[in-house]
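So the structure is just underneath, and the comments pick up after that.
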Amino acid sequence: LTRLNEEKNGKTDQYRDVTVYKVDQQSASAVVGNWIVLTNKGELGKSILDRLLDQKPSETNTEISGTLSANAQFKTTYALRNADSQAWAYGNIQTIRDAGAAKKFFEGKAENPLAEALVGGIQSVLQHAPFVTADMKLTEAGLTMKFQTPWQSEWIPEERAWFFGPDSNGSAPILPEIPGTLLTLSTYRDISQMWLRAGDLFDEQMNDKLAEADSGLSTIFAGRDFGEEILGALDPQMGLIVTRQSFENVMPVPALKLPAFALILKLRDAETMRPELRRTFQSVIGFFNIVGAMEGRPQLEMDMAKVNDVDLITSHYVPEKKDKDSTTAAMIFNFSPSAAFSGDQFILASTADLAKQLASAPAARASDNGVNTQMALHAEAIRDALSDNREQLISQNMLEEGHSREEAEAAIDLVFEFVRCVKGAGLTLQHEKDSLSLQLNVTVNENP
């Protein structure tokens, strides 16, 4: 590479009798003993060469001082690594903090409630943890990557106790299995406490927005305090399910077919909150109709049913005459907002079918396995959902990329081919006795 770049900056140089091969002003490589050093910063490269040339182990001590092999923390961690892993990494978080890198991340405040809900507790751990490790295992079945860091309960401040729960023992629920599921997400998050501690978690500008939102939401909920009385009525164990929609024997059919999704929540005081939430849901449907009428959208028609202990409130958009038998209807016909109450379970779904399925399925079960958050992707259902929209994806590719139809089909089919090779994927955040781990699993089809 140096010789190929001779006309510009490529040249060889000497540093302490070592030949340095330079590609440009900074990037270079050199060989010392049985080590090859490659760097994009000259000064860093020199410091590494100095270390290799000057510090040699003695006959009685094979460890070179100032290196990882002489670092007690690293040696202990390295000894505990998974011996079956193909790759293992160690990062000194303390050094990163001391250097002032990623200062905003280590300040302790998230930018918005969504970021706080996703990583707030992890952020608190990384503000104190001395190091993080990562290992990767690749087999014929797929890929596993695990990131792990030490854990101490006192690292979680009071304002973030909502993330891991009392004594850091909050666990995600086990969700019911629904045919055609694309994605499931189960987690433990005491959103009520996060909302109430917003003053400690967010900056002044974000708190002003939340105060405005709180006022509007309290109005929708008939004057009830949104953070304390509404969110406070929900158990921290919650789940999200996304499934493929079937439009068989349904009219009109939207041109773009979106998946259905539902939130699965548990009520702390079902007897009190069920009638309150029923009335609120009906009010929200009425509000949607008022706004929809002003914007020229179809109106929602509502139905109510009660079967044993299950209350169902479903709705559907009433199409205009010209859209009644359409197979390329507007996107809004993907939705039929619905709510279901079954025991202490509250289901809020984008479609009536999914609400009915979840209401009749076994309720989400509590778990005590230390899993704080778990997400799973099911590739077969994702592929089927993409297939439902193949023509739309091809048309979009032609418009955005300027491709011919043949080129667009090839590009979309490549995506389908990739998805066909994957069986599923999962992400798990788990708190164990003295560690916090984040594990990614990707499984592949043996005969795609």
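The values are calculated or read from the model by the stated rules, or taken from the named source; none is laboratory data. Values in this document were obtained by computation on a predicted structure and should not be read as measured data. Counting neighbours? That spans all protein chains shown, and the Cβs are built from the backbone with ideal geometry, glycine included. Each accessible area value is taken on the protein alone, full model and side chains, heavy atoms only, with ligands, DNA and RNA left out. Shrake-Rupley method; radii C 1.70, N 1.55, O 1.52, S 1.80 Å.
Filtered by the rule that a residue be acidic (Asp, Glu) and touching a helix residue (DSSP H, G or I) at 6+ places or on another chain (Cβ under 6 Å), the stretch 160-215 gives 190, 200, 214.
Considering the stretch 1-49, the residues that are within 20 Å of residue 67 (Cα to Cα) and in contact (Cβ under 8 Å) with a residue 24 or more places away in the chain include one that is surrounded by the most Cβ atoms within 10 Å (Cβ to Cβ), namely 45. Within the stretch 72-118, the residues that satisfy the criterion of being at pLDDT below 85 and surrounded by 15 or more Cβ atoms within 10 Å (Cβ to Cβ) are 105, 106, 108, 109, 110.
Checking each residue in the stretch 1-42 for being closer than 23 Å to residue 54 by Cα and of a type in the set (Ser, Thr, Tyr) picks out 12, 15, 19, 21, 27, 29, 39. Scanning the stretch 119-140 for residues that are surrounded by fewer than 15 Cβ atoms within 10 Å (Cβ to Cβ) and within 30 Å of residue 76 (Cα to Cα), we see that the one that is modelled with the lowest pLDDT is 139. Would you confirm whether any residue within the stretch 316-324 is touching a helix residue (DSSP H, G or I) at 6+ places or on another chain (Cβ under 9 Å) and modelled with pLDDT under 90? Among the residues of the stretch 316-324, at least one is touching a helix residue (DSSP H, G or I) at 6+ places or on another chain (Cβ under 9 Å) and modelled with pLDDT under 90, which makes the answer yes.
Identification of helices (runs of 4 or more DSSP H) wholly contained in the stretch 72-152 with 3 or more residues that are within 18 Å of the chain's Cα centre (by Cα) yields 113-126. In this entry, residue 215 is excluded by the filter for residues that are of a type in the set (Ser, Thr, Tyr) and under 21 Å from the mean Cα position of the chain (by Cα). Restricting attention to the stretch 198-226, the residues being touching a residue at least 40 places away in the same chain (Cβ under 8 Å) and hydrophobic (A, V, I, L, M, F, W, C) number 8. Filtered by the rule that a residue be in a loop (DSSP other than H, G, I, E, B), open to solvent by 50 Å² or more (accessible area, probe 1.4 Å) and at negative phi, the stretch 226-268 gives 244, 246, 248, 250, 251, 256, 257, 268.
Matching residues to (1) within 26 Å of the chain's Cα centre (by Cα); (2) surrounded by fewer than 18 Cβ atoms within 10 Å (Cβ to Cβ):
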site: 343; (1), (2): no, yes
site: 347; (1), (2): yes, no
site: 355; (1), (2): yes, no
site: 368; (1), (2): yes, yes
site: 372; (1), (2): yes, no
site: 395; (1), (2): no, yes
site: 405; (1), (2): no, yes
site: 439; (1), (2): yes, yes
site: 447; (1), (2): no, yes
